[in-house]
Amino acid sequence: MAHGGNNSIILQLRLPGIHSHHNTPKSATCCSVDIGQQVVYVGNIHGGPRFGSTGVITEALQRKAVVDMGKSGVWNIPYHFLTLPQAA
């Protein structure tokens, strides 16, 4: 934290691969995805896909999606571990 008189400026260090709380995209939901749509995995489960892996929705269920992650396989992933890709 840097201080300058009565005003204070708080600086947050940015690290590669770690999203800022303010920049974290919202989770996907069963109502926000369609079959064939690309999604990004943002979970961190041991033995699961890698954080940031992309895949394609093959089935949209009520609480989870079936996602084809290519070489990583096909996974049943709860929506709170999925986001929609950010526009460039």
Please go through the range 25-64 and pick out each residue that is among the aliphatic types (A, V, I, L, M) and either within 15 Å of P78 (Cβ to Cβ) or within 15 Å of the chain's Cα centre (by Cα) (or both).
A28, V33, V39, V40, V42, I45, V56, I57, A60, L61
Applying the selection to the range 32-63, what residues are touching a Leu at 6+ places or on another chain (Cβ under 9 Å) and not hydrophobic (A, V, I, L, M, F, W, C)?
S32, Q37, Q38, Y41, G43, G55
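For (1) aromatic (F, W, Y); (2) in contact with a Pro (Cβ under 7 Å, 6 or more places away or on another chain); (3) buried (at least 16 other Cβ atoms within 10 Å of the Cβ), each residue gets a yes or a no:
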residue	(1), (2), (3)
G43	no, no, no
I57	no, no, yes
L61	no, no, no
A65	no, no, yes
K71	no, no, no
Y79	yes, no, yes
P85	no, no, no
If I ask for residues that are in contact (Cβ under 8 Å) with a residue 24 or more places away in the chain, exposed (fewer than 14 other Cβ atoms within 10 Å of the Cβ) and part of a loop (DSSP other than H, G, I, E, B), which ones from the range 25-41 would you list?
P25, K26, C30, D34, I35
Inside the range 54-84, can you point out the residues that are closer than 16 Å to G43 by Cβ and assigned to a loop (DSSP other than H, G, I, E, B)?
R63, M69, G73, L84
The conditions are (1) polar (S, T, N, Q); (2) more than 16 Å from S32 (Cα to Cα); (3) surrounded by fewer than 15 Cβ atoms within 10 Å (Cβ to Cβ), and S53 fails exactly one of them. Which is it?
(3)
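We did not get these values from a lab; they are worked out from the coordinates using the rules stated. In this text the structure is predicted, and so the values were computed from the model without any measurement. Heads up, the Cβs are rebuilt from the backbone with ideal geometry, glycines too, and the neighbour counts pull from every protein chain shown.
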